[in-house]
Amino acid sequence: MRHSPALRSLLFISALVMALVGCDSADTEKKVSDDRGLSVNGLKTARAFEKITNDQQRASAIFGEMTKVFYHPRCANCHTGTNGPTQGDEMHPHNPPVIRGAGMGADAMSCDACHGTGNVAFATMNGSIPGGEPWMLAPASMGWQDKTAAELCAQIKDAESNGGSRVEDLIDHLGQDHLPGWAWAPGEGRTPAPGNQTTFGALTAAWVAAGAHCPVE
């Protein structure tokens, strides 16, 4: 069948457009495939560090990524070295004022006076009261708000500071325990920590497997 010159031009343009669209789609699919599995919600996965062949460099890089969670307000608000917690994304002093006590608050105002076993949404306004079982401050020896990555790394590895835990114990604690897990389900009105607990636990395991080396100051 013979087509008119105008129709042949139209068919040629259509074919060219389809070819260009096909190339763009293939490139997009390739980019998605290349990036898949390398990050979750702003946190790099353990897979993202596999090409670093030196164990010390890989462990240091992984721990640096882990600090995105450690320093996030959802974690750092309870890991203070002061006599009380902070709150909010800007980490202001807790309101109403409370003191550490034995980590559960003073006898007259214990943490569980306001914080229950789970998050509770406000009935008449946006937001919520956080909660967990038990809801408490981290020990003062595990306060890290003002620590460098190297200082924090050394601190969580120190059995005298971390309650006698081995570095291997951190894999289950950070990857499975419910209190660290609250950072990714903090209730209405709070920004979750980057990534998710599964990704963070896998990063911890990869860090330990690489020798649990710390970043250099």
Hey, can you grab everything whose amide H is under 5 Å from the amide H of H72? Only 5+ residues off in sequence or another chain; H modelled, so Pro and N-termini drop out. none
Any residue on another chain or 5+ positions along whose placed amide H is under 5 Å from the amide H of Q87 is listed here as H92, H94
Find out how many positive minus negative residues lie around Q155, taking Lys and Arg as positive, Asp and Glu as negative, among other residues whose Cβ is under 15 Å from that of Q155. -3
Between A159 and I129, what is the spin-label point distance in nm, taking each point 7 Å from the Cα along the Cα→C-beta axis? 4.0 nm
One-quarter of the Cα convex hull surface for the stretch 60-217, in nm²? 9.1 nm²
Can you list residues whose amide H is under 5 Å from L43's amide H, if they're 5+ apart or on another chain and H is modeled 1.01 Å from N? G195
A chain fully extended from E50 to V120 at 0.36 nm per residue, minus the present Cα-Cα distance, gains in nm 21.1 nm
On full extension of the chain, what length is gained from A209 through A140, given 0.36 nm per residue of separation minus the C-alpha to C-alpha distance? 22.0 nm
Inter-part gap, Cα centre of the stretch 143-217 to Cα centre of the stretch 120-134, in whole angstrom, is 25 Å
Per-residue HN-Hα couplings for the stretch 173-179 [Karplus 6.51, -1.76, 1.60; θ = phi - 60°; Hz; x = Gly/Pro]: 4, 6, x, 9, 4, 6, 5
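Every number here is computed from the coordinates shown, using simple stated rules; none is lab data. As the structure is a prediction and not an experimental result, all values here were calculated from the model. Ideal geometry is used to build each Cβ from the backbone, glycine not excepted, and the neighbour counts take in all protein chains shown.
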